[in-house]
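Asker: Next up is a structure, given as structure tokens.
Where a number appears in this text, it was derived from the coordinates with a stated rule and is not lab data. Just so we're clear, the structure is a prediction, and the values are computed from it rather than from any experiment. Methodologically, a virtual Cβ is constructed for each residue, glycine included, from the backbone with ideal geometry; neighbour enumeration extends over all protein chains shown.
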Amino acid sequence: MTPLFLGLAGTELSEAERSFFASVNPAGFILFKRNVVDRAQTKALTDSLRALSGRDDVPILIDQEGGRVARMQPPEWPAFPTGARFDALYEVAPMSGIEAARANAQALGLMLREVGVNVDCLPLLDVRQPGAHDIIGDRALGTEPLRVAAMGRAVIEGLKAGGAVGVVKHVPGHGRSMADSHVELPVVDADAEALETDLKPFRTLNWAPMAMTAHVVFTAWDAEECASLSPKVIAEIIRGSIGFDGLLMSDDLGMKALKGDFGDRAAGVLAAGCDIALHCSGDMAEMEAVAGAVGEITQEAQARLDRAMATIAGAADDTPFEELVAKRDALLAYAA
């Protein structure tokens, strides 16, 4: 098995993808809007990925946050609220905000499980900072670290109850970035003391099963490399100060915050200490370059992957989707 989560080009596997994935044996896959049309098609696609991998628990990821980050969209699937909606409710009634976030996440998990998706790249633990770039914006769960952690915990628990593994992101924090890492490399010049605010939610939830790194330079820790490519940030901050020992994946190798060819990017994030390199575009030439630059997954990374996926084995409960959505909406109405 290779330490890669890979995207695919369309709504079904091409023969070239079947052959490539069979030979490379990636650790998992990630879906985007281009890959999902309706329930039957998406379930058929995820079934084909499981059959090809030979693993019932192969990770199949998606970014299904709510608001502007939602790969599965209306009219086929319902829209979900942004993180900011739960933050607003927490301001009025903290326990209601937490319960609404949990019910919402459980409904998300059920929706994903129905079509065979078992990992959601959620929750954001980025602490939103005034004046920062809007790439995080209303996706965030708030501006106060312990509030973000409390609702982040509820999201992880809700996803698990729905049948999906949660991924905390973007460690060690994207909330004060002044640039969008999809477009350019953000550089954060805050000192180590100020950055403690960013670390607190990740430290509180350092038991999370999976995490995704930030393509952000933090000059207080490493002025040369972004967190995804920095052995110092990963060893001393993410694994050390935060204490995270779950599966650590990079953010997408295709984002313009990173430079160099795709093979170098993949080798770089793994050498820095990521367990998995994430490549999302589904472009075959890029995937071939990425696969050619990595070896087998390490035993430590494999163990972390196995532990993460085991957290949802038999964990889903039988609360109906409609009941969860009704509970969420009734609670959110208090902050409307």
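Asker: Would you work out which of L6, P123, G263 lies farthest towards the positive end of the dipole of the chain? Charges go on Cβ: Lys and Arg +1, Asp and Glu -1.
Answerer: Going by the Cα projections, it comes out as P123.
Asker: Okay, next question. For the chain, what ratio Rg/Rh do Cα atoms give with a Kirkwood hydrodynamic radius?
Answerer: 0.94
Asker: Next question, about the same structure. How would you rank E17, E224, E144, going from fewest to most other Cβ atoms within 10 Å of each one's own Cβ?
Answerer: Ordered from fewest to most neighbouring Cβ atoms within 10 Å, E17, E224, E144 come out as E224, E144, E17.
Asker: Taking 2.2 N^0.38 Å as the expected size of a compact globular protein, what ratio does the Cα radius of gyration of segment 1-128 give against it, to two decimals? Don't jump to the answer; show the numbers that get you there.
Answerer: Values: Rg = 16.4 Å, N = 128, 2.2 N^0.38 = 13.9 Å.
Here the Cα radius of gyration is 1.18 times the empirical estimate.
Asker: May I pose another question? If a helix is a whole DSSP H run, which ones in the chain reach 20 Å or further along their own axis (Cα) and hold a mean Kyte-Doolittle hydropathy of at least 0.0?
Answerer: Passing helices, by number: 94-114, 145-162.
Asker: A follow-up question, please. May I ask which residue of L31, G295, L108 lies farthest towards the positive end of the charge dipole of the chain, with charges of +1 (Lys, Arg) and -1 (Asp, Glu) on Cβ and the Cα centre as origin?
Answerer: My answer, from the dipole projection, is L108.
Asker: Give me the lysines in straight-line cross-link reach of K232: C-alpha distance below 24 Å, same-chain residues under 8 apart excluded.
Answerer: K169, K200, K256, K259
Asker: Where the only charges are on Cβ atoms (+1 Lys, Arg; -1 Asp, Glu), what is the dipole of segment 128-211 about its Cα centre, to the nearest 20 debye?
Answerer: That gives segment 128-211 a dipole magnitude of about 480 debye.
Asker: To continue, here is another question. Need one number: convex hull volume per residue for segment 272-336, Cα atoms only, in Å³.
Answerer: Measuring per residue, one finds 205 Å³ for the Cα hull of segment 272-336.
Asker: Follow-up question, since we're still on this one. Can you tell me how segment 170-240 classifies by the Cα gyration tensor, rounded, prolate or oblate, using a/c under 1.5 as the rounded cut?
Answerer: Rounded, since a/c falls under 1.5.
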